[in-house]
Amino acid sequence: MFSIVSMSDVVRIPPNKLTSSLKDAAVGILKEKYESMISPDLGYVIMIIDAAANSVGKLVAGDGATYHKVTFKALTFYPKLQEVVEGEVVEITDFGAFVRIGPTDALLHLSQITDDYLRSDVKQGMIIANQSAKSLKIGSRIRGRVTAVSLGKGAGMGKIGVTCRQPFLGTEEWIAQEIKKAKQPPSTQTKEKKGGAYK
């Protein structure tokens with residue numbers, strides 16, 4: 001889920017950055033510190049949107065920089081358990097597919113794609129179901145449900161798992177087939193013949 005988060009921090013602004021406006025200098029420093037960061041509390045910090053720096057700063061003996069309290073807004077992405085997300089398959093592996101959701105990739109394990117027996121063809125970039133002939137390939141758009149979220153500190157520590165093994169999840173084609181099937185009227189029950197009469 002994307003959200004805009006309000007935060008505050010104390011920013012050290014060195015003398016060479018004071019040539020621009022205080023706000024621009026603070027935003028530049030905040031971008032270096034926060035953007036592309038993964039936090040267990042915030043999720044993925046995508047970008048700093050706006051900042052307001054206190055014009056009154058503090059000096060520290062022996063340091064030519066000024067320290068300013070800054071309040072700012074950041075665009076973040078934090079996937080929630082059971083949230084339905086949409087994304088694009090970007091990689092096929094022997095054990096499943098990686099799906100790009102927001103700023104990161106989530107693992108769609110073979111066991112979470114469909115109930116059918118699947119085989120993965122890494123060279124062709126496809127996963128094919130034996131009985132239903134459903135296929136998943138690089139570039140497929142899918143809808144899935146988040147089943148696991150593990151976000152550690154630092155870059156490259158986030159792990160997200162998704163599933164398509166529920167109704168109306170999977171590729172756009174699979175969902176269209178399920179909707180079409182759901183709209184069909186229930187089939188009329190076959191009459192049973194008992195003692196020469198139909199009931």
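Just so it is clear, none of the values below were taken in a lab; they were calculated from the coordinates. Note that the coordinates shown come from a computational prediction; the quantities given were computed from them, not determined experimentally. Neighbour counts run over all protein chains shown; Cβ positions are idealised from the backbone, glycine included.
Structural remarks
- Relative contact order (%) - the chain, alpha-carbon pairs under 8 angstrom, separation at least six: 18
- A cut-off of 5 Å between modelled amide H atoms, ignoring neighbours fewer than 5 places along the same chain, links ALA148 with GLY161.
- Charge dipole of the stretch 2-77 (Cα centre as origin; +1 on each Lys and Arg Cβ, -1 on each Asp and Glu Cβ, all else neutral): 180 debye, rounded to the nearest 20.
- Computed from Cα atoms, the angle from the helix 22-34 axis to the main principal axis of the chain rounds to 50 degrees.
- Dipole of the chain [Lys/Arg +1, Asp/Glu -1 at C-beta], most positive-end residue of ILE128, GLN166, MET37: GLN166
- Largest GNM mean-square fluctuation across LEU110, LEU59, LEU136, computed for the chain with C-alpha springs under 10 Å, falls on LEU59.
- Paramagnetic reach from ASP116 in the stretch 138-153 [backbone N under 20 Å; point 7 Å along Cα→Cβ]: 138-145
- Computed 3J(HN,Hα) for the stretch 86-92, one whole-Hz value per residue from the Karplus formula 6.51 cos²θ - 1.76 cosθ + 1.60 where θ = phi - 60°, is 10, x, 10, 5, 10, 7, 10, glycine and proline marked x.
- 5 Å-binned pair-distance histogram of the stretch 1-110 (Cα, whole percent): 2, 11, 18, 16, 13, 11, 8, 7, 6, 4, 2, 0
- Treating r as the C-beta distance of GLN177 and VAL90 and R0 as 25 Å, the FRET efficiency rounds to 0.55.
- Two-decimal log10 I(q)/I(0) for the stretch 84-183, as the Debye equation yields it once each C-alpha is a single scatterer, q = 0.10, 0.12, 0.13, 0.21 Å⁻¹: -0.26, -0.37, -0.43, -1.05
- Taking all Cα pairs closer than 8 Å and separated by 6 or more residues, the relative contact order of the stretch 84-183 comes to 26 percent.
- Stretch gain in nm, segment LEU59-LYS33, where the contour uses 0.36 nm per residue and the Cα spacing is subtracted: 7.3 nm
- Scaling the Cα radius of gyration of the chain by the globular reference 2.2 N^0.38 Å produces a ratio of 1.58.
- Scanning residues 5 or more positions from ASP121 or on other chains, those with amide H under 5 Å from its amide H are MET126, ILE127, ILE128, with H placed 1.01 Å from N in the peptide plane.
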